[in-house]
Amino acid sequence: MVRILLPRGGDYGTTMAIVDGTGVKKDFKIAVDRDAVLRRLQMNPSGYGSSGKVQELVEKTMELGYRIIEPAAACKTLGIARCGDSGVSFRDTAFTVASSDIADLLRSCRKTTVMAATIGKGLTLETGNLMTQKRMTEAIILDAFGSEAVEAVVNLMCGTLREAAVHEKMTLTRRFSPGYGDWKLPAQRGIIRELGAHRIGIRVNENFILIPEKSITAIMGWK
C-alpha cells in the first residue's frame, strides 16, 4: 500500500504529512478555489468585485462552508494481476473492475490506486435547511462550494500520489470514476468495500449513489 501525503492541520494543502498504514486520513484542511466556485455558479470571476452585495454573500457562504465541511480520504494501492480487453483483476484481493475503458487506462500500468473522498454530510444538510428557509441563493452558492470542496480533496490526493510516483520514477494516468464511459455506477459498491470507506462515513445507496452526496470514488494507474 502506498502511503499518501495529506495536509497538516493548519496548512490548507501546502504542507504535507504522511498518512499511516490504514490508508485513511481525516481532520485535515483544504483550500477551495473561489474562482472555480464562481464558474460553477456561471459567474465571471473577472467581474466578481463589481457587485458588493454578491461578493459579500459569496464570501459569507464560503466561510459557512469551511466551518461545516469535514474532509476525509481513503486510498489503497493494488498490484495489477491481469488486464484483459473488458476488465482488470488485482493481486491479493477479490476486487475487480469490469470495464473496457478502465482496461485501456491501465493497460501499460504495473499498479493502481483506488480512492474515495468526502466532505461529510453537514454541508448537504445545511443546503437543505437554507432551501427550506427560502434562502435559495445561499443554498446554491453553498452547494457549488461543496462540489468544489470535494474536488479539492481528490485533487490533493492526486497531487500527492504524483509526488510519490515521481519518487518511484513512475507516472500516473488520469483519474477515472464510476459513471463515466462504460464503468457503471454499481462499481461504487465494490470500491467502497475494498477501501473500507465506511471508516470515513461513505456508503452506497440502493441506486449506487454515494452518501454523503459530496463524495467521489476514482482510480488512477501507475506506469
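Here, each number is a calculation from the coordinates, and none is a lab measurement. The shown structure was predicted, so the numbers you read here are calculated from the model rather than taken from an experiment. Positions of Cβ are backbone-derived with ideal geometry, glycine not excepted, and every protein chain shown enters the neighbour counts.
A few comments on the model shown:
- Taking the charge dipole of the range 5-222 about its Cα centre, with +1 at Lys and Arg Cβ atoms and -1 at Asp and Glu Cβ atoms, the residue from 98, 183, 210 reaching farthest to the positive side is 98.
- Full-extension gain in nm, residue 100 to residue 223, via 0.36 nm per residue minus C-alpha separation: 42.5 nm
- The calculated 222 nm mean residue ellipticity attributable to helices in the chain amounts to -12000 deg cm²/dmol, summing -39500 (n - 2.57) over DSSP H runs of n ≥ 4 and dividing by all residues.
- Restricting the calculation to Cα atoms, the range 5-222 shows an Rg/Rh of 1.00 when the hydrodynamic-style radius is the Kirkwood one.
- Over 24 Å (Cα to Cα) - which of 26/184; 76/223; 60/134; 76/184; 26/121; 25/60 fall in this group: 26/184; 25/60
- Using the average count of surrounding beta-carbon atoms within 10 Å as a protection proxy, the listed peptides 208-214, 148-154, 134-140 rank, highest first, as 148-154, 208-214, 134-140.
- Restricting the calculation to Cα atoms, every distinct pair contributes to the Kirkwood radius of the range 168-222, found to be 12.1 Å.
- Distance in nm between pseudo-label sites at residue 31 and residue 89 (7 Å out along the Cβ direction from Cα): 4.5
- Residues whose placed amide H lies under 5 Å from that of residue 176, excluding near-sequence neighbours: 219
- Compared with the alpha-carbon gap, the fully stretched path from residue 199 to residue 82 is longer by 39.2 nm at 0.36 nm per residue.
- Burial ranking of peptide ranges 184-195, 156-167 (average Cβ count within 10 Å, highest at the top): 184-195, 156-167
- Seen against the Cα atoms of the chain and their longest principal axis, helix 52-68 is set at about 50 degrees.
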